[in-house]
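The values are calculated or read from the model by the stated rules, or taken from the named source; none is laboratory data. For clarity, every value in this text was computed on a predicted model and none was experimentally measured. Cβ coordinates were reconstructed from backbone atoms using ideal geometry, including for glycine residues, and neighbour counts include every protein chain displayed. These area figures cover heavy atoms from the full protein model, side chains too; ligands, DNA and RNA do not enter into them. Shrake-Rupley method; radii C 1.70, N 1.55, O 1.52, S 1.80 Å.
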Amino acid sequence: PPEVRDKRRQRLLKCLGNNIIRNYLFNVFVESLGVKERYERFIKDWPNLFLSIARGSPVADSKGILANTDRSIEEFGDFPIADVFKKHPGLMGLTKEARLVKYFTLLFNAMVNAVRVANRVIPPGRTPIPECRLNLGDHQSDVIPGTPHKPDITFYYRDYAEENAHSIHAILEAKMDPNPSRTPEDTRGQLADYGHLLNDKQATRTFAPVFYLHGHLLTLHAYYRDNLYIVELGQLCFNTDNWTSARAERIQSCLMQFWFLLTLESDIFGHFCNVSKESDSFFFSQKINVESKGDSKIEVLYSISQDVKDVKDGAALFCIKETIARYSYMIGRHVHLFRGKFNGEHDAVLKLSWTPVNRLPEGAAYAILNKRPVEGIPEIFSKGLLISNLNGYRLEFVLMEYCGQSMAEYLKDKTDNQKVELVPRFVEQLTLCLAQANDTGVLHRDISAGNVCIKNDRVYVIDWGCAKVIGWGAAEDAARDATPTQPNHIDVAKQWGFNATTVGQVEVAKDPFTGTPLFMGIPMLSSSPIRGILDDMESVLYVVMDAVRPADTKRDDVQGFKFLDSPSLAITRWGLIQEDAVLLKGFSVGSISPRLKELICAMRRFLFEPENKVISHRLWSDNTFVRQINWDAAPRFMHPKAIELLKEDNGQLKRPAEDEVNAGPFKKLAL
């Protein structure tokens, strides 16, 4: 619906904020792509490639696009635009924008023909002109298949069997706004929407190219993660009846720049690997070797066939079975998830993640977790960096074992007796995993329904992409656990190419804003800067209650999960934790078995009744409040080893106050 679309576009513009680089020079942009010398050779070899077309360009004014009637048809050379308007009398009956789109279509076809003719006889010393292997699709009236989007023009890879969101190379939108020097907000939102579409649907994207024809002016909007580069290409037609050869040359320059960009290889213009030809697979390889073990080159098959084909060039093989749906944002972390088979044997998940360079890579978190035994984390088959820094973001991959269903999905078909047997065991395993991770120096920070999985009656905690290393920045923590065979924390940071102190401080600053709000603890919902293992344990309580509530209840109807805003939910939950019966009713679990009620009530007392007295309102109202716990309740639900590790936590249970000092100026980065 239009209102939903408009809200989405406003949100995308808000995400971009001030991260828009306007009037970005074309030469600087092609240099960033590593093809500046190629472009200089292109314009040197073919200086007048599109000049005859440029001379015959029409005029774009307040009436729309019109034939340049002040010039005789003979002067237009090979591309008589005036004649186009005569041959197609219906053109003038179109709206201004439809006429502009039609003109661009004719222009594009003329450029394709000019290149074809020029390449027939290439003068000695010149390089062939790159031909355009794209099909132009008009979507003014029809949506891109599988999406609600109607851009004016899409450029599809010609070698793909289907034209859809996965086969788009670039998009073009045309407008005839009265003020060509200013783009209206709704149009900016529309362009951002197209950029988000490409970055979201195409896992191999490094940026999404959206061309914008604004009257007579053509620009490229290159959407990276949270940066937009607006590259001025120039004018595509005249903006005055006063025809001059100089203006025609400017149009020729614009056409040359547009053609050069549009015909670049896909692994240069918008992707980290070549996808211009449809294939049953794509390759990627580590650009930076972060560890000695694991596969440095991986071939990804788009589907699982009955007969797994031979692996090429010694690469590991991952066959996609399905794409795991995941909502993505324009800024911050961006993830593509695929489930499939690894080397024909292992049920696996491939995760491609864009992460800000001042945040902790998930692969580094796993490297630290593997320094000590941590039960309940996925086996990692391979991990590494594909791009170390692209406009402030790194691209990493993790290939790991598939860990089954969420706890709620797993329990959905189980009987009450089975739940009574399984759930206490799951909670023990979950608390042990988090305690062992905490002992290793890693805090998960995003315990939620989707990140606690069950496979073969065993709990797995997945998605450590929001994790942080506890106390990083202090020498004794950064160098802990160093052995001849295991790297210390600082060495892990060096292997993954980031500054441990900076990342540690930024992660602390991000503490109050990291996680899934519905499963956040009360202090985190209140933006407390003091975050530790108890906040993850509180999230475990909400995950368990969500998993065991009756099937005939909906999460949105449960008082404890009704989200208006974070502070309101914090106050609601503080009211619910006052008594066992109130908590059970507030989370719609009052009708579950007595054994599971006892489990949930024990977790409530552990978290919220130190010294057998309910925590005061300071839990949500005082950001400096340090919570205590009720150790007497712990044995009723927690694994004995987890209790032992948490009691030996050397102060990390309460989270060191120096983290606040260490965060210092990085607080602004979190906002």
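For the ranges 442-448, 392-398, 332-338, what's the packing order if you count other beta-carbon atoms within 10 Å of each residue, average per peptide, and put the highest first?
Working: 442-448: 24.3, 392-398: 21.1, 332-338: 18.1.
Descending packing order for the listed peptides: 442-448, 392-398, 332-338.
Where does each of 638, 92, 176 land when they are ordered by accessible area, with a 1.4 Å probe and the largest first?
Values: 638 5, 92 95, 176 30 Å².
Largest accessible area first, the residues go 92, 176, 638.
From the phi of every residue in the range 96-111, what ³J(HN,Hα) in whole Hz does the Karplus formula 6.51 cos²θ - 1.76 cosθ + 1.60 yield, where θ is phi - 60° and glycine or proline is x?
4, 6, 5, 5, 5, 5, 4, 4, 4, 4, 5, 4, 4, 4, 5, 5
Assuming R0 = 45 Å, what is the FRET efficiency of residue 556 and residue 274, from their Cβ-Cβ distance, to the nearest 0.05?
0.50
Can you compute 3J(HN,Hα) from phi for each residue in the range 373-378, using the Karplus curve 6.51 cos²θ - 1.76 cosθ + 1.60 with θ = phi - 60°, rounded to whole Hz and x for Gly and Pro?
Once θ is set to phi - 60°, the couplings for the range 373-378 become x, 10, 7, x, 10, x Hz.
Given the peptides 101-112, 53-64, arrange them by the average over their residues of other C-beta atoms within 10 Å, most packed first.
Order by mean packing, descending: 53-64, 101-112.
Can you tell me the accessible area per residue over the range 352-443, all protein chains present, probe 1.4 angstrom, in square angstrom?
For the range 352-443, the solvent-accessible area averages 30 Å² per residue.
In terms of solvent-accessible area of protein heavy atoms at a 1.4 angstrom probe, what is the ranking of 613, 455, highest value first?
Accessible-area ranking of 613, 455, largest first: 613, 455.
To the nearest 20 debye, what is the magnitude of the charge dipole of the range 519-639 about its Cα centre, counting +1 on the Cβ of each Lys and Arg and -1 on the Cβ of each Asp and Glu?
Working: 15 positive and 15 negative charges, 24 e Å.
Roughly 120 debye, rounded to the nearest 20.
What residues have an amide H closer than 5 Å to that of residue 386, excluding those fewer than 5 places away on the same chain, when H is modeled at 1.01 Å from N in the peptide plane?
Amide H neighbours of residue 386, under 5 Å, 5+ apart: 287, 395, 396, 397.
Could you tell me which of 520, 550, 533 has its Cα farthest along the dipole of the range 515-555 towards the positive end, charges placed at Cβ (Lys, Arg +1; Asp, Glu -1), taken about the Cα centre?
Positive-most Cα among the choices belongs to 550.
Give me the number: length gained by fully extending residue 106 to residue 159, i.e. 0.36 nm times residue separation minus the C-alpha to C-alpha distance, one decimal in nm.
Residue separation times 0.36 nm, minus the Cα-Cα distance, leaves 16.9 nm.
So what are the ³J(HN,Hα) numbers for the range 413-420, from phi and the Karplus equation (6.51, -1.76, 1.60; θ = phi - 60°), rounded to whole Hz, Gly and Pro as x?
In residue order, the calculated couplings are 9, 8, 6, 4, 5, 5, 4, 4 Hz.
If the label point is 7 Å along Cα→Cβ of residue 618, which residues in the range 497-538 have backbone nitrogen under 18 Å from it?
Answer for the range 497-538: 522-524, 526-532, 534-535.
Determine the sum of side-chain charges near residue 518: Lys and Arg each +1, Asp and Glu each -1, restricted to other residues whose C-beta is under 11 angstrom from that of residue 518.
+1
Please give the FRET efficiency for residue 413 paired with residue 343, using the beta carbon to beta carbon distance and R0 = 22 Å, rounded to the nearest 0.05.
With R0 = 22 Å, the Cβ-Cβ based efficiency is 0.10.
With charges only on Cβ, +1 for K and R and -1 for D and E, what is the dipole size of the range 341-390 about its Cα centre, in debye, rounded to 20?
So the dipole magnitude of the range 341-390 works out to roughly 220 debye.
Pulled fully out, how much extra length does the chain show between residue 186 and residue 62, if you take 0.36 nm times their separation in residues and subtract their Cα-Cα distance?
Gain in length upon complete extension: 42.6 nm.
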